[in-house]
């Protein structure tokens, strides 16, 4: 695995950056409701949130691999919870629009909004 | 079901199981859709694939989880946007994304992220500032040959701005610059 850290902070405290990773539940607090006007906004927000989440997960993985250590129990638990929230949010979206999982990709604009 | 990974215009076939599906002036890099749940390991695997590809060709990463039925559906999704995707490839050709985040360490006064961003933007082809909890979360599209100079600038800025903790990661595929205009 390639080292993804090009320049680390002076104090070498990479953990401080990890703590800045928001929980998906916070980011999704304004997710889709019954108001049709908010649907598009909700979709856009969800897509952006997921993209940002993926990006941050990749960064975190990169940092972890450099430290050479595994994740702490708490981090593993947080990660698991995050993915559960992600699953649930996607499921709600599908229920709301009556879409199949495959449709969801298309509906959110494959290639319409590249990552 | 196949998964779409990236848009490219390089005719060289990617390593299996990835394949190239021609789509007008560009081509789509596709692979078998992974089974099972999304987890960090799956994301990282995908990132590794993209990184290997981006080392050798210009590419636009496609949003994670984009799947279609078959090659014909992949081409059908891309062909109508061939021209703008080709233009987008020109924008990122020869460049990589470098991510910079800056936070204020506990007990320090907030540093001047505006100055940091201005200096780094001057060294990048393009830049994109993202919303986030940090005072600065930004992506810079940097010429491959200019990455060392960019990183040296980040180190200098870190020395000059003791009120900031600056983390610079990369090189990444051009995630923040993949959207056609």
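The values are calculated or read from the model by the stated rules, or taken from the named source; none is laboratory data. Since we're looking at a predicted model, the values are computed, not measured. All Cβ positions, glycine included, derive from the backbone under ideal geometry; neighbour counts span all protein chains shown.
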What single numbered condition from (1) in the same structural domain as residue B:29 (by TED's automatic domain parsing); (2) part of a helix (DSSP H, G or I) fails to hold for residue B:63?
-> (2)
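Scan segment B:112-122 and tell me whether some residue there is at positive phi and outside any helix (DSSP H, G or I). So that I can check it myself, show each step before the final result.
So the first thing to find is which residues in segment B:112-122 are at positive phi, and the list is none.
Scanning segment B:112-122 turns up no residue that is at positive phi and outside any helix (DSSP H, G or I).
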Failed condition for residue B:69, given (1) farther than 22 Å from residue A:4 by Cβ; (2) at pLDDT below 90; (3) surrounded by 14 or more Cβ atoms within 10 Å (Cβ to Cβ), with all others met?
-> (3)
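Does residue B:73 fit the bill of being more than 19 Å from the chain's Cα centre (by Cα) and not in a loop (DSSP other than H, G, I, E, B)? I'd like the intermediate steps shown before the answer.
Details: more than 19 Å from the chain's Cα centre (by Cα): yes; not in a loop (DSSP other than H, G, I, E, B): yes.
Answer is yes for this residue.
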Run residue B:109 past the list (1) over 22 Å from residue B:52 (Cβ atoms); (2) touching a strand residue (DSSP E or B) at 6+ places or on another chain (Cβ under 6 Å) and report the number of the one that doesn't hold.
-> (2)
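Which of the following residues is part of a helix (DSSP H, G or I), modelled with pLDDT of 95 or more and crowded, with 21+ Cβ neighbours inside 10 Å: B:147, B:142, B:154?
Working: B:147 fails: crowded, with 21+ Cβ neighbours inside 10 Å; B:142 fails: part of a helix (DSSP H, G or I).
B:154 is the lone residue from the list that is part of a helix (DSSP H, G or I), modelled with pLDDT of 95 or more and crowded, with 21+ Cβ neighbours inside 10 Å.
Kindly evaluate residue B:107 against the criterion of being assigned by TED's automatic domain parsing to the domain that holds residue B:125, surrounded by fewer than 16 Cβ atoms within 10 Å (Cβ to Cβ), over 16 Å from the mean Cα position of the chain (by Cα) and closer than 30 Å to residue B:162 by Cβ. If you could, list the steps in order and put the result at the bottom.
On the way: assigned by TED's automatic domain parsing to the domain that holds residue B:125: yes; surrounded by fewer than 16 Cβ atoms within 10 Å (Cβ to Cβ): yes; over 16 Å from the mean Cα position of the chain (by Cα): yes; closer than 30 Å to residue B:162 by Cβ: yes.
Considered against the rule, which asks whether it is assigned by TED's automatic domain parsing to the domain that holds residue B:125, surrounded by fewer than 16 Cβ atoms within 10 Å (Cβ to Cβ), over 16 Å from the mean Cα position of the chain (by Cα) and closer than 30 Å to residue B:162 by Cβ, residue B:107 comes out as yes.
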Sole residue being assigned to a helix (DSSP H, G or I) and either away from chain A (no Cβ under 12 Å) or touching a helix residue (DSSP H, G or I) at 6+ places or on another chain (Cβ under 7 Å) (or both), chosen from B:84, B:97, B:90 | B:90
